[in-house]
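*Asks:* Pasting a structure here, questions to come.
The values are calculated or read from the model by the stated rules, or taken from the named source; none is laboratory data. For clarity, every value in this text was computed on a predicted model and none was experimentally measured. Every residue, glycine as well, gets a Cβ built from its backbone with ideal geometry; the counts of neighbours run over all protein chains shown. Note: accessible area is taken over every heavy atom of the protein model, side chains too, but ligands, DNA and RNA are not part of it. Shrake-Rupley method; radii C 1.70, N 1.55, O 1.52, S 1.80 Å.
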Amino acid sequence: MSELSAGAIRRKPLVVQYPSLLIFLGCLALFTVAVTVLSEGFGIGVISTSFVKTLGKTLCLCLVALAMDLVWGYCGILSLGHMAFFGIGGYAIGMWLMYARTELIVIESLANQALPPTAQEISDGIATQIFGVVGASEFPPIWAFSHSLTLQLLAVILVPGLLALVFGWLAFRSRVTGVYLSILTQAMTLALSLYLFQNDSGLRGNNGLSGLQNLPGLGDVPQSVVSVWFLWASALALGLGYLACVAIVSGKFGSVIRAIRDDEARVRFLGYPVEAYKLFIFTFTAILAGIAGALYYPQAGIINPAEIAPIASIYLAVWVAIGGRGRLYGAVIGAAFVSLLSTWFTGGQAPDVNLGFYTIEWVNWWTVLLGLSFVAVTLFAPKGIGGLFDLITAKRSPDRHGADLGPDAGALREKEAET
Amino acid sequence: MSALLEVSGVSVSFDGFKAINNLSFQIGNQELRAVIGPNGAGKTTFMDIITGKTKPDEGRVVWGDKSQSLLAMSESKIAQAGVGRKFQRPTVFEDQSVSENLMLALKKSRNPFSVLRFKASAEDAVRVEELASEIGLSGALTRKAGELSHGQKQWLEIGMLLAQDPKLLLVDEPAAGMTPSEREHTTDLLVEAAKTRAVVVVEHDMEFVRRLDCKVTVLHEGSVLAEGSIDHVTSDDKVIEVYLGR
Ligand SMILES: Nc1ncnc2c1ncn2[C@@H]1O[C@H](COP(=O)(O)OP(=O)(O)OP(=O)(O)O)[C@@H](O)[C@H]1O
Ligand SMILES: [Mg+2]
């Protein structure tokens with residue numbers, strides 16, 4: 001047995017197997033340091049605090065895109081509901097942020113009374129403050145744990161995880177695949193958002209949760225500093241998330257899920273319980289999405305049910321497709337590129353184009369441009385932006401006369417594959 | 001000889017068309033069996049039933065010493081119980097390398113959590129190398145399966161079957177698209193495999209079947225038409241009429 005081929009079979013250290021891992025983590029670290037140095041809070045103040053927040057939020061979107069790539073690009077499950085998990089993560093942390101900060105405000109305002117306020121008075125005060133907008137003055141049961149940061153942080157992981165586990169179990173057990181599964185996930189996120197829109201959902205209806213940028217007890221710390229903290233936290237989460245995803249996809253587990261993506265029936269005949277693998281990936285990525293959301297919304301400052309609208313999850317799939325499905329850095333690049341570009345266009349910074357007879361205002365036309373780019377990428381550059389790296393490494397697509405790499409709906413297409 | 005697999009009185013119809021009609025079949029622990037029959041006789045459907053892909057309308061499929069019914073089991077459970085299958089059209093994982101394909105098939109725990117922790121040991125690597133040389137793909141371990149020729153894919157799939165180390169091997173037209181010398185090699189492999197397990201080979205090519213030198217079951221319109229040695233069945237009038245006499 002030759003050294004060389006034995007090495008090819010046995011598992012090598014992650015970084016050797018995945019050279020892009022080191023490059024990615026290096027770039028991420030460099031980016032974080034650079035932003036910190038240029039920030040108002042910790043550095044020379046070249047970058048505004050609001051832009052630091054935009055960058056921090058972008059890192060969170062990269063994390064949820066990573067999750068999407070794992071579930072769709074690697075396992076072939078085109079979930080169009082992952083932004084629901086992202087939103088749930090945001091709501092879970094938002095409840096604590098809102099509760100704890102309102103509690104401080106109420107205690108302060110009651111401090112001047114002759115008698116020290118009772119616990120009931122404080123609780124009522126908080127409830128009136130938070131739920132006044134929806135005409136309620138009592139805590140709905142869903143807020144039972146909102147006083148505890150630990151419990152709400154647990155909820156960030158457990159609620160998306162359990163929802164995905166139950167939903168996935170029902171769907172995969174009945175062998176729902178392909179388009180039907182996508183529709184089902186859209187229905188899930190739509191139902192959730194419609195439910196949250198109701199005033200009696202207990203989560204303030206269409207007002208959502210707000211003021212999330214203010215960290216309870218840290219009122220004196222300026223946003224310029226808080227924004228950099230969140231950037232660090234987001235970068236750390238993205239780095240760890242990337243590491244976890246690489247660990248999953250690089251080994252035999254990755255081999256199994258890619259096999260499921262291309263031909264799940266064949267995987268079953270090898271004795272693998274396909275449903276269990278799908279459920280694992282679906283749940284794991286839902287948790288990743290939840291964590292990403294929990295870091296995103298404190299930087300956004302506000303979350304409302306519109307964030308969970310079905311279109312959000314479709315955008316997520318578009319980012320991953322534009323970045324390049326089935327390669328982790330592709331998802332990250334796609335999410336960063338498209339969401340930053342989107343911020344630029346919709347923020348009114350992009351100069352309008354005057355055609356004489358018509359003026360293209362990018363605020364309105366950006367979505368059209370995005371849609372067209374999506375179509376163009378799908379048709380002409382299926383490897384997405386990530387495919388550019390194949391030009392450097394001189395990797396080619398196989399010549400299969402148009403045949404996909406497997407019979408399943410999620411299977412890689414000829415032009416997405418590498419020889 | 002106790003039976004490893006016993007199929008009795010099985011029927012399946014698709015939209016009223018009886019693809020399998022009251023079929024009964026038995027195979028012992030270390031037996032090689034050829035199944036022949038004209039196109040549409042129900043050979044592939046027969047394998048679908050054993051492997052859990054198609055649930056029969058009636059009948060029993062009983063497996064192993066403990067006489068388990070396979071009908072209540074999922075495809076993956078049946079495979080784990082020791083039924084391996086090679087498909088009529090070669091189905092390998094085209095986007096993955098030859099060694100990844102073999103490693104996937106290697107007899108190991110199929111549980112997601114143990115797969116997550118799995119690290120190929122030196123023995124595993126050696127086993128994959130052995131299998132690769134057995135199927136003539138030693139030089140192609142790092143190549144993607146999609147780049148292989150039709151015949152090589154057939155080989156790879158046979159290699160995956162051997163890697164699975166099943167108690168019962170179901171092989172659907174293994175020699176299609178192979179050169180005569182490759183066919184000979186396939187026969188040798190199958191005969192060798194049948195020394196330690198049961199092997200059912202579906203094949204059209206009479207020469208191939210003759211070389212297997214084993215008991216032959218002739219299927220026709222979903223049921224057994226004749227069974228016995230190759231000389232016995234080829235001299236059977238009914239068989240000559242429906243199959244050989246064309
Ligand atoms: N899923 C299905 N739906 C409808 N009809 C089916 C289905 N599967 C098989 N059949 C029919 O059942 C009959 C038996 O098919 P089967 O594939 O088992 O034949 P076979 O003996 O393997 O033939 P071949 O030698 O061509 O491979 C055929 O007439 C086929 O059309
Ligand atoms: Mg057939």
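*Asks:* How many Cβ atoms of partner chains, on average, are near each residue of B:96-106 if near means within 10 Å of its Cβ? Don't jump to the answer; show the numbers that get you there.
*Replies:* On the way: counts 6, 3, 1, 6, 8, 3, 1, 5, 9, 2, 2.
Mean shielding count: 4.
*Asks:* Per the 1.4 Å probe, what fraction of the accessible area of the protein assembly as shown, in percent, lies on carbon and sulfur atoms?
*Replies:* 60
*Asks:* I'd like to compare A:32-39, A:63-70, A:301-308: which one has the highest average count of other Cβ atoms within 10 Å, and what's the full order after that?
*Replies:* Numbers: A:32-39: 17.0, A:63-70: 29.9, A:301-308: 20.6.
Final packing ranking: A:63-70, A:301-308, A:32-39.
*Asks:* Taking only Cα atoms, what is the 0 to 90° angle, nearest 10, from helix A:328-346's long axis to the longest principal axis of chain A?
*Replies:* 50
*Asks:* Loop only by DSSP, 10 or fewer other Cβ within 10 Å of the Cβ. Give me the chymotrypsin sites (Phe, Trp or Tyr not before Pro) in segment A:338-384 that pass, ordered by residue number.
*Replies:* A:357, A:358
*Asks:* Taking a probe of 1.4 Å and counting only protein heavy atoms, give the total accessible area buried between chains A and B in Å², rounded to the nearest 100.
*Replies:* The A and B chains share an interface burying roughly 3500 Å².
*Asks:* According to the square roots a ≥ b ≥ c of the eigenvalues of the Cα gyration tensor, what is the shape class of chain A, taking rounded for a/c under 1.5, prolate for a/b larger than b/c otherwise, and oblate for the remainder?
*Replies:* prolate
*Asks:* Sticking with this structure for a sec: Roughly how crowded by other chains is peptide B:112-120, in terms of the mean Cβ count from those chains within 10 Å of each of its Cβ atoms?
*Replies:* 6
*Asks:* Round to the nearest 10 and give me the degree value, 0 to 90, for the angle of helix A:252-269's Cα axis relative to the longest principal axis of chain A.
*Replies:* Once rounded, one gets 70 degrees.
*Asks:* Roughly what % of DSSP beta bridges within segment B:3-244 run antiparallel, to the nearest 5?
*Replies:* 55
*Asks:* When DSSP beta bridges are limited to those with both residues in the protein assembly as shown, what percentage is antiparallel, rounded to the nearest 5?
*Replies:* 60
*Asks:* Relative to the longest principal axis of chain A, what angle (0 to 90°, nearest 10) does the C-alpha long axis of helix A:82-110 take?
*Replies:* The two axes meet at around 20 degrees.
*Asks:* How much solvent-accessible surface does residue B:36 expose, in Å² to the nearest 10, with a 1.4 Å probe and all protein chains in place?
*Replies:* Roughly 0 Å² of residue B:36 is accessible to a 1.4 Å probe.
*Asks:* Which peptide among B:50-59, A:226-235 comes first, and what is the full order, when sorted by highest mean count of other Cβ atoms within 10 Å?
*Replies:* A:226-235, B:50-59
*Asks:* Let me ask something else. Residue A:131: accessible area at probe 1.4 Å, nearest 10 Å²?
*Replies:* My reading of the accessible area for residue A:131 is about 0 Å².
*Asks:* Sticking with this structure for a sec: For the peptides A:42-54, A:271-283, what is the packing order when you average, over each peptide's residues, the other Cβ atoms within 10 Å and list the highest mean first?
*Replies:* A:271-283, A:42-54
*Asks:* Rounded to the nearest 10 Å², what accessible area does residue B:196 have for a 1.4 Å probe in the complete protein model?
*Replies:* 100
*Asks:* List the residues of segment B:66-95 whose accessible area drops by at least 50 Å² when all protein chains are present, compared with their chain alone, using a 1.4 Å probe and counting only protein heavy atoms.
*Replies:* B:75, B:76, B:93, B:94, B:95
*Asks:* For the cross-link pairs A:57/B:144; A:415/B:43; A:383/B:167; A:57/A:383; A:383/B:107; A:278/B:86, which exceed 32 Å when the distance is taken from alpha carbon to alpha carbon?
*Replies:* Check vs 32 Å cut-off fails for A:57/B:144; A:415/B:43; A:383/B:167; A:383/B:107.
*Asks:* Enter the accessible area per residue of the protein assembly as shown (Å², integer; probe 1.4 Å; all protein chains in place).
*Replies:* Working: 28740 Å² over 665 residues.
Each residue of the protein assembly as shown exposes 43 Å² on average to a 1.4 Å probe.
*Asks:* Please name which of A:133, A:34, A:271 has its Cα lying farthest along the dipole of segment A:14-418 towards the positive end, using unit charges on Cβ (Lys, Arg +1; Asp, Glu -1) and the Cα centre as origin.
*Replies:* A:271
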